[in-house]
Amino acid sequence: MSEVIWVDSEKMYFDNSVRHKLQKLMDSSRADSDLIKGMRVALKINTAEEGYDYGLRPGFFRPVSERVLAATNTRPVICDGIKLADYWKQIRGTNYLKLAGAQGYSNETLGGHFVINGGFSGDEGDLFPCKLKDSELGGVEVGTAVCRSDALWVLTHVTFHPLFGIHGALFNAGFDCLVDRAKTRLLKSINPYIFNGHKPPFSDLRAFQCRALESFLGVQASMESKMFFINYLWDMTPQPEYYPYSETPVIENMGFLASRDPVAIDKATVDLIGKKCPSEVLVSSGINFIDVLQDAERMGIGNLDYTLSRLS
């Protein structure tokens, strides 16, 4: 049974702010217990596309990067991938950095080296095996910022996702860590931007979800399992951050979760969401995310059973 720590959003005041709550989360989860001086740590975050108005501000990530710096004496690499579509018809790397800078993301605000996972082109990476019997993919190309680090901390802005159900630790640490061409390979003929509400056939969705989970195994292999996860249950919207728009958040802010088990932390996320919003919201994407989590457990990624420790 895996351990999940939850620091809720209650009792917030000047000396119990978001920063203090994140520090408490890392203390309670012993986040830096396996870090040593000189280690290179990558922080995988989510930056928002232009038009998406609910992305997490740099201040949500700064306390984490400061904790890594204190433990390793090395500034972490903080990264996200180039979005799959270049809506504004500019050079993709230039456009990404320009947009992220406009949203306040920089080396100074984040407290680390802010880079594009996959290099300026988005396609710089190394191939790692998925290590799964009868794997459809065999292996995946993991972006350089992730695979050339010694450890990976996955900091996920939780939202709903039209293809995966929930954008949580599993998706952010798997599919989102790949180079662009690997993402295209996993999608096959599926359009990730379902603006008209017409989803791919159910069988295609399930096949994509399994490929996305396989990609997690490839990222895990690149890290030799040195991974830690924080889920931000904050401004949870119906669309993920790579969309160029979003409806308003559908659930009140619930705080932050931490674990070393991506299945357990995503299961705890779904359980907490389920207590706050009607069941029709949970299945608004047309996907039963529990099926995805059960697939992940069968693949050996993590455990559905967990203990939840709540702090304020």
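The values are calculated or read from the model by the stated rules, or taken from the named source; none is laboratory data. Since this is a predicted model, take the numbers as computed values, not measurements. With ideal geometry, Cβ positions are generated from the backbone for all residues, glycine too; neighbour counts draw on all protein chains shown.
For the stretch 117-149, taking the residues that are surrounded by fewer than 18 Cβ atoms within 10 Å (Cβ to Cβ) and hydroxyl-bearing (Ser, Thr, Tyr), the one that is farthest from Cys210 (Cα to Cα) is identified as Ser121. When residues in the stretch 176-206 are screened for being in contact (Cβ under 8 Å) with a residue 40 or more places away in the chain and among the small types (Gly, Ala, Ser), 1 of them pass.
Of the strands (runs of 3 or more DSSP E) lying entirely inside the stretch 1-82, those containing at least 1 residues that are touching a residue at least 24 places away in the same chain (Cβ under 8 Å) and of a type in the set (Lys, Arg) are 41-44. For the stretch 162-189, the set of residues classified as over 12 Å from Phe208 (Cα atoms) and of a type outside the set (Gly, Ala, Ser) consists of Ile166, His167, Leu170, Asn172, Asp176, Cys177, Leu178, Val179, Asp180, Arg181, listed by residue number. Give just the number: which of (1) out of contact with any helix residue (DSSP H, G or I) (no Cβ under 6 Å at 6 or more places or on another chain); (2) within 19 Å of Gly81 (Cα to Cα); (3) surrounded by 17 or more Cβ atoms within 10 Å (Cβ to Cβ); (4) touching a residue at least 60 places away in the same chain (Cβ under 8 Å) does Ala169 not satisfy? Failing condition for Ala169: (1).
When the stretch 120-153 is filtered for residues that are within 24 Å of Ala207 (Cα to Cα) and in contact with a Phe, Trp or Tyr (Cβ under 9 Å, 6 or more places away or on another chain), the ones remaining, listed by number, are Cys130, Gly139, Val140, Glu141, Val142. Out of Ile5, Ile82, one residue alone is buried (at least 22 other Cβ atoms within 10 Å of the Cβ), in contact with a strand residue (DSSP E or B) (Cβ under 7 Å, 6 or more places away or on another chain) and either under 24 Å from Phe120 (Cβ atoms) or modelled with pLDDT under 95 (or both). It is Ile82. Looking across the stretch 160-186, the residues that are within 29 Å of Asp34 (Cβ to Cβ) and touching a His at 6+ places or on another chain (Cβ under 9 Å) come down to His167, Gly168, Phe171, Asn172, Asp176. Restricting attention to the stretch 185-232, which residues are within 18 Å of Pro262 (Cβ to Cβ), of a type in the set (S, T, N, Q) and surrounded by fewer than 20 Cβ atoms within 10 Å (Cβ to Cβ)? Answer for the stretch 185-232, where residues must be within 18 Å of Pro262 (Cβ to Cβ), of a type in the set (S, T, N, Q) and surrounded by fewer than 20 Cβ atoms within 10 Å (Cβ to Cβ): just Ser225. Scanning the stretch 14-48 for residues that are more than 25 Å from Gly101 (Cα to Cα), crowded, with 18+ Cβ neighbours inside 10 Å and of a type outside the set (Lys, Arg) gives Leu25, Met26, Ser29, Ala31, Asp32, Leu35, Met39. With the requirement that a residue be among the polar types (S, T, N, Q), surrounded by 15 or more Cβ atoms within 10 Å (Cβ to Cβ) and at pLDDT 90 or above, what does the stretch 247-285 give you? Within the stretch 247-285, Asn253, Ser259, Thr269 meet the criteria. For the stretch 83-105, the candidate set comprises residues that are outside any helix (DSSP H, G or I) and under 18 Å from the mean Cα position of the chain (by Cα); within that set, the residue that is nearest to Tyr242 (Cα to Cα) is Lys83. Could you list all residues from the stretch 89-103 that are surrounded by fewer than 17 Cβ atoms within 10 Å (Cβ to Cβ), out of contact with any Gly (no Cβ under 9 Å at 6 or more places or on another chain) and of a type outside the set (D, E, K, R)? Across the stretch 89-103, the qualifying residues are Gln90, Ile91, Thr94, Gly101, Ala102.
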